[in-house]
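Everything below concerns the one structure shown next.
The values are calculated or read from the model by the stated rules, or taken from the named source; none is laboratory data. No experiment lies behind these values; they were computed from the predicted model shown. For neighbour counting, all protein chains shown are included, and Cβ atoms are generated from backbone atoms with ideal geometry for every residue, glycine included. Heavy atoms of the whole protein, side chains included, go into the accessibility calculation; ligands, DNA and RNA do not. Shrake-Rupley method; radii C 1.70, N 1.55, O 1.52, S 1.80 Å.
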Amino acid sequence: MPIDEKEYNGILFDQLSLLEDIEVVAESENAEETLKLLRRKRRQIERKLYQQPPLACRETEKS
């Protein structure tokens, strides 16, 4: 079942929230490799979240 852009963005924001929680623990344990991975995952999620043009624009162009 397809989801709309608002729901998809909500999922991405939830993922960012999880990364922030994990980052707090990784920083307290000085887990540098984990922090590098978290930074990379954050960039990947933000790239999806802030992509240009948004998903909604692409869908209307196809119609």
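Structure notes:
- Residues of the stretch 12-35 classified as among the polar types (S, T, N, Q) and under 19 Å from Arg47 (Cβ atoms), total: 2
- Given (1) open to solvent by 60 Å² or more (accessible area, probe 1.4 Å); (2) part of a helix (DSSP H, G or I), index of the condition Leu35 fails: (1)
- Of all residues in the stretch 1-32, those being hydroxyl-bearing (Ser, Thr, Tyr) and open to solvent by 80 Å² or more (accessible area, probe 1.4 Å) number 1.
- If the condition is being acidic (Asp, Glu) and touching a helix residue (DSSP H, G or I) at 6+ places or on another chain (Cβ under 8 Å), then the stretch 12-48 contributes Glu23, Glu27, Glu46.
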